[in-house]
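The values are calculated or read from the model by the stated rules, or taken from the named source; none is laboratory data. Nothing here was measured: the structure is a model prediction, and the numbers come from that model. Cβ placement follows ideal geometry from the backbone for every residue including glycine, while neighbour counts extend to all protein chains displayed. Just the protein is used for accessible areas: all its heavy atoms, side chains included, with ligands, DNA and RNA removed. Shrake-Rupley method; radii C 1.70, N 1.55, O 1.52, S 1.80 Å.
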Amino acid sequence: MHPDTDATHLQYDVLIIGSGAAGMSLALTLPEALRVGILCKERPLEGSTYYAQGGVAAVLDDYDTVDSHIEDTLRAGDGLCRESVVRFVVERSPEIIDWLVALGVQFDTRISASGRSEFHLTQEGGHSHRRVIHAADATGKEISEQLYAAVTQKSNVAFLTDTIALDVITTNQLGLGSKTVCGLYAFNQTLQKVQTIASPRVVNATGGASKVYLYTSNPDTASGDGIAMAWRAGCRVANMEFNQFHPTCLYHPMAKSFLISEALRGEGAILRLPNGEPFMSRFDDRAELASRDIVARAIDFEMKRLGCDHVLLDISHKPADDVRRHFPTIYERCLSFGIDITTTPIPIVPAAHYTCGGIMTDLCGRTDVDGLYAVGESTYTGLHGANRMASNSLLECLVFARAAAHEIAESTRPGTTFLPIPGWDASQVTTSEEDVLIAHNWDELRRLMWNYVGIVRSDARLIRAQRRVRLLRREIDEYYEKYYVNRDLIELRNLAQVAELIISSALRRKESRGLHYTLDYPNRSTSAEDTVLEPTNYL
Ligand code: FAD
Ligand code: SIN
């Protein structure tokens, strides 16, 4: 037996990779008769969901309509959303909020003009109404904690923490024909062993891939593992060129990944140049409330034009009590860096925030591999098109997780027989004494993605990036073949795979649309096409 192999074969009726909004709401919706395992690479609450600030977009007020939410989403998506999918999601938004409230999620309320208590709805970019339900500026924390509390009440669900899924296993990899999932290999960081877990239903709820960029609002979990694993298992991925850069992340040497919610602009914050001049109305009639692609590009343009390293976001003209009440987390965090946002503009820069493309699924989360599902940010469902509208992501996670859970419940019998899966073979590998190679490759990859595949692109930059990423991938694969796995190596291998998918997709798009802006093709083409990559037909 080699040190990173474990003979223990775990078995679940349903195995969910990821404990964010997508993974936990799916687990909660499955029937109690199914034995469910939830893998997470850190503790259960760690992931993008926990850090979500602004809220959840939903049609909740009398003055709002499903059609208006759909229209705003289509406009933000710049011609690439699938309208039927947008309708599917938006129509379910009120029942999703009811479900969360029934679980105990406490959203902010206010007293209406008629003296009624009602939800306080905030405003964000791209929305033509106040439509975003929230728990102050820590909506993700509130949702995650309530989902977690509910999941831990279920005796049929077990968390497998500090355990990283390495690769899903399919029947055709085992020489058994057809492409059907039968389990996965996972690296248990506590035991320092690769475990084999058998399951006829594997759900990929692993979140996005924004760690592929040097500067990101995302936590460390967002390394695109699920997208890379699904691709290796034979799933198509789509629209990987559409990486969303959030316009406003705190610019401070000690503030790793801290987002300043778009809701600040919804409540009246103004973007200013370092000399105090507002500038957004020069770029879009909606000024600060234009969609995110437009605002991030405008900031990037101004920073390059002036040679400055940040711009400012100013909410100091609003009543200090209101600011502290609505944005307590942001207020406290900025104060800890010496910035009182009630009196001083906040230095901000754009940073990678959201992966709009991903694993292709249908409306029930099914992928191209039988038994393999995907939900949440790791997917391409057709909702977001070329640019996700603010606060539509948590909504997508919840709607698709519940739809997938219903499908799995109907198609899965408890106690199915599990296929025998060979254990992880570590007989040919050894301990690395050169971890510096991995650390260097991490930095090189994320830096080149930031410099060459960022907010503004060109063919020359993309081709350079592609050449370098292919070389990095070769080096990483050689390393993977030789040494025991660890978290850094697993994530780097996945990030490099995802980087290549992003660059290939970007090179295929000969136009500028939504989040993909290239100097070589600055105009939008008349026909809107998804970029679909297939593992079997890929150069
Ligand atoms: P996540 O919540 O990221 O969870 C992923 C899970 O997968 C984690 O448990 C992780 O441990 C696990 N995982 C990943 N890889 C592996 C692996 N190999 N093995 C085992 N486990 C693995 N969206 C909104 O709609 N509204 C907002 O207000 C909002 N604010 C945001 C603020 C911030 C700072 C960020 C970063 C994002 C925000 N978003 C917001 C986007 C939204 O939070 C995410 O898109 C959404 O939470 C993704 O949920 P998820 O369940 O798909 O993934
Ligand atoms: C934010 O609060 O600005 C993030 C919202 C989102 O990403 O949807």
Would you work out the relative contact order for the chain, in percent, from Cα pairs under 8 angstrom that are 6 or more residues apart? 22
What's the FRET efficiency of L191 with D98 using the Cβ-Cβ distance as r and R₀ = 45 Å, to the nearest 0.05? 0.60
Among the listed pairs K141/K304; K179/K510; K154/K179; K141/K211, which are separated by more than 27 Å between their Cα atoms? K141/K304; K179/K510; K154/K179
The farthest towards the positive end of the charge dipole of region 421-536, of the residues T526, V453, L515, given +1 on Cβ of Lys and Arg and -1 on Cβ of Asp and Glu, is T526
Quick one: pull the percent of accessible area on the chain belonging to carbon and sulfur, 1.4 Å probe, ligands and nucleic acids left out. 49
Could you tell me the relative contact order of region 7-165? Use alpha-carbon pairs under 8 Å, at least six residues apart, and round to a whole percent. 37
Could you give the length gained by full extension between N275 and N156, i.e. 0.36 nm per residue of separation minus their alpha carbon distance, to one decimal place? 37.0 nm
Only bridges with both residues in the chain count here: give the DSSP antiparallel percent, nearest 5. 60
Given a Förster distance of 30 Å, report the FRET efficiency between N451 and T536 from their Cβ-Cβ distance, rounded to the nearest 0.05. 0.40
Cut-off 19 Å (backbone N to label point 7 Å along Cα→Cβ of D362), residues of region 167-181: 178-181
Using DSSP to define loop residues, name the chymotrypsin sites (Phe, Trp or Tyr not before Pro) in region 20-119 whose beta-carbon has at most 11 other beta-carbon atoms within 10 Å. Y63
Measuring with a 1.4 Å probe in the full set of protein chains, what accessible area per residue, in whole Å², belongs to the chain? 39
Scalar couplings 3J(HN,Hα) for region 198-211 by Karplus 6.51 cos²θ - 1.76 cosθ + 1.60 (θ = phi - 60°), nearest whole Hz, x for Gly and Pro, are 8, 6, x, 10, 10, 10, 8, 10, 8, x, x, 10, 5, 5
Computed over the chain: longest principal axis from alpha-carbon atoms vs helix 292-306 long axis, angle to nearest 10 degrees, is 70
Longest site-free stretch - the chain; sites: GluC sites (Glu not before Pro), DSSP loop, at most 13 other Cβ within 10 Å: 33-432
Could you give the angle, 0 to 90 degrees to the nearest 10, between helix 66-76's Cα long axis and the longest principal axis of the Cα atoms of the chain? 80
Residues H440 and S112, FRET efficiency given R0 of 60 Å [Cβ-Cβ distance, rounded to 0.05]: 0.55
Just by accessible area at a 1.4 angstrom probe, what is the order of S505, S84, S527 from largest to smallest? S84, S527, S505
